[in-house]
């Protein structure tokens with residue numbers, strides 16, 4: 001079963017997912033639901049954090065690796081899923 | 001009063017399911033309560049402290065009025081949760097398998113009561 005782009009985005013939008021980014025394994029953006037400028041802003045903020053977290057995990061246990069990171073703030077959450085070939089980032093805003 | 005609030009939060013989080021490690025770090029980066037050995041506790045405190053500081057400044061960069069609540073990291077074997085409150089940092093380590101099992105249980109319980 002495969003999703004087309006719209007169905008994929010709608011699936012997350014239903015649950016408050018506002019923006020979705022797909023990056024390749026090196027962190028270069030492949031797909032995004034928002035403008036290139038905004039994508040760049042998000043990715044340049046999140047990429048160092050992601051790699052820092054990965055290093056933290058590997059430092060503590062070299063055989064271990066990070067699969068998922070969730071950052072929760074007052075206004076929303078950022079979910080990052082790390083696969084072998086890609087990174088999926090979903091930005092979610094809490095409804096008032 | 002500031003310390004008590006953090007202590008209560010810490011005591012509450014330690015009760016979470018599948019907790020294998022719990023570290024309370026003070027404002028100077030020193031682990032003041034922990035169930036791991038001192039070397040590991042200091043190692044976690046240093047690394048997670050950096051991570052949570054970076055995450056907080058990132059959150060503020062994206063929205064100046066916003067504030068970090070917590071960071072949750074999932075690895076193959078564990079989930080780590082880091083939160084800061086009143087200059088103290090709380091680190092909770094949970095075993096991934098047991099945690100997922102208990103999440104499945106509570107999801108099943110919630111679904112069956114809502115039908």
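Numbers for the structure displayed
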item: Mean projection area, nm², convex hull over Cα of region B:26-83; result: 4.7
item: Taking B:44, B:70 and counting other C-beta atoms within 10 Å, the order from fewest to most; result: B:70, B:44
item: Cα gyration tensor shape for region B:75-115, rounded if a/c is under 1.5, else prolate or oblate; result: oblate
item: Angle between chain B longest axis and helix B:96-114 axis [Cα atoms, degrees, rounded to 10]; result: 50
item: Relative contact order computed over chain B (Cα-Cα under 8 Å; 6+ residues apart), in percent; result: 29
item: Exposure proxy ranking, count of Cβ atoms within 10 Å, fewest first, for A:72, A:18, A:54; result: A:18, A:54, A:72
item: FRET efficiency for residue A:94 and residue A:58, using Cβ-Cβ distance with R0 set to 30 Å, rounded to 0.05; result: 0.40
item: Label-to-label distance, nm, for residues given as residue A:11 and residue B:61 (7 Å Cα→Cβ offset); result: 3.0
item: Percent of alpha-carbon pairs separated by more than 18 Å within chain B; result: 56
item: Anisotropy class of chain A from Cα gyration tensor, a/c 1.5 cut; result: prolate
item: FRET efficiency, 1/(1 + (r/R0)^6) with R0 22 Å, evaluated for residue B:97 and residue A:81 via beta carbons; result: 0.70
item: Relative contact order computed over region A:1-87 (Cα-Cα under 8 Å; 6+ residues apart), in percent; result: 24
item: Relative contact order computed over region B:75-115 (Cα-Cα under 8 Å; 6+ residues apart), in percent; result: 32
item: With eigenvalues of the C-alpha gyration tensor scaled by 5 and rooted, the protein assembly as shown, Å; result: 29, 21, 18
item: Principal-axis tilt of helix A:36-60 within chain A, Cα atoms, nearest 10 degrees; result: 30
item: Pairwise FRET efficiency - residue A:4 versus residue B:14, Cβ, R0 = 41 Å, nearest 0.05; result: 0.35
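Values quoted throughout were computed directly from the atomic coordinates according to the rules given, and no laboratory measurement underlies them. Just so it is clear, the structure is predicted and the values come from calculations on it, not from any experiment. Backbone-built Cβ (ideal geometry, glycine too); neighbour counts: all protein chains shown.
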